[in-house]
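Trainee: One structure, pasted below without further comment.
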Amino acid sequence: MEVKIETANIKLLDTLYRIEQQCFDEEAFSKRQITYLLTDYNTIALVAKTDNDIAGFIIAQMEVEENTEFGHIITINVTPNFRRYKVATKLLGEIENLLKQKGITECRLEVREDNNAAIKLYQALCYQTVGKIENYYGKKHALYLKKTL
């Protein structure tokens, strides 16, 4: 199965929103939030395509904190029928490359502390846990991870 990574755009909003709903429960982004992210100047959004299907997507923002620029993975989604095909790995690799091209040297993300599959993936890609965020996902906690690019 060949996976192609392409730039996401607002025309894909309905599809991306549907995928977001499949991948997350109460913590899913609203259609309005996804619209904002897709149209924000500091956002990079990519889709993974297989033939004519969208297998997943990723959205990252370039942010500044204490005079340090970093990439922040806002959301990454892979549809259930395309999981375990390295789609998330390809999306992360491509977004990390784009961030590096823009001069970003660090990438950060949050992950629900009980999402073992995602944590295992991030650790395999050299993300390190740097903290815990209480009640980040409603009543569920998040781990805060970062990686030097």
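A short reminder: the numbers here are calculations on the coordinates, not readings from a lab. All of these numbers come straight from a predicted model, not from anything done at the bench. Cβ coordinates were reconstructed from backbone atoms using ideal geometry, including for glycine residues, and neighbour counts include every protein chain displayed.
Trainee: Only residues that are touching a residue at least 40 places away in the same chain (Cβ under 8 Å) and over 13 Å from GLU96 (Cα atoms): list them for the stretch 52-70, please. Before you say what the answer is, go through the steps one by one.
Mentor: Going through the stretch 52-70, the residues touching a residue at least 40 places away in the same chain (Cβ under 8 Å) turn out to be 54-55, 57, 59-60, 62, 70.
Selection gives ILE54, ALA55, PHE57.
Trainee: Quick one: which residue in LYS90, LYS4, LYS86 is touching a residue at least 40 places away in the same chain (Cβ under 8 Å), charged (D, E, K, R) and in contact with a Lys or Arg (Cβ under 8 Å, 6 or more places away or on another chain)?
Mentor: Selected residue: LYS4, the only one of LYS90, LYS4, LYS86 that is touching a residue at least 40 places away in the same chain (Cβ under 8 Å), charged (D, E, K, R) and in contact with a Lys or Arg (Cβ under 8 Å, 6 or more places away or on another chain).
Trainee: Can you name the residue in the stretch 109-137 that is of a type in the set (Phe, Trp, Tyr) and touching a Lys or Arg at 6+ places or on another chain (Cβ under 7 Å) and, of all such residues, is farthest from ILE95 (Cα to Cα)? Outline the logic, then answer.
Mentor: Here is the first cut: in the stretch 109-137, the ones of a type in the set (Phe, Trp, Tyr) are 122, 127, 136-137.
Next cut, touching a Lys or Arg at 6+ places or on another chain (Cβ under 7 Å) only: 127, 137.
On the way: TYR127: 14, TYR137: 24 Å.
Filtering the stretch 109-137 for residues that are of a type in the set (Phe, Trp, Tyr) and touching a Lys or Arg at 6+ places or on another chain (Cβ under 7 Å), the one farthest from ILE95 (Cα to Cα) comes out as TYR137.
Trainee: Return only the number of the condition from (1) closer than 24 Å to GLU65 by Cβ; (2) surrounded by 13 or more Cβ atoms within 10 Å (Cβ to Cβ) that THR89 does not satisfy.
Mentor: Of the numbered conditions (1) closer than 24 Å to GLU65 by Cβ; (2) surrounded by 13 or more Cβ atoms within 10 Å (Cβ to Cβ), the odd one out for THR89 is (1).
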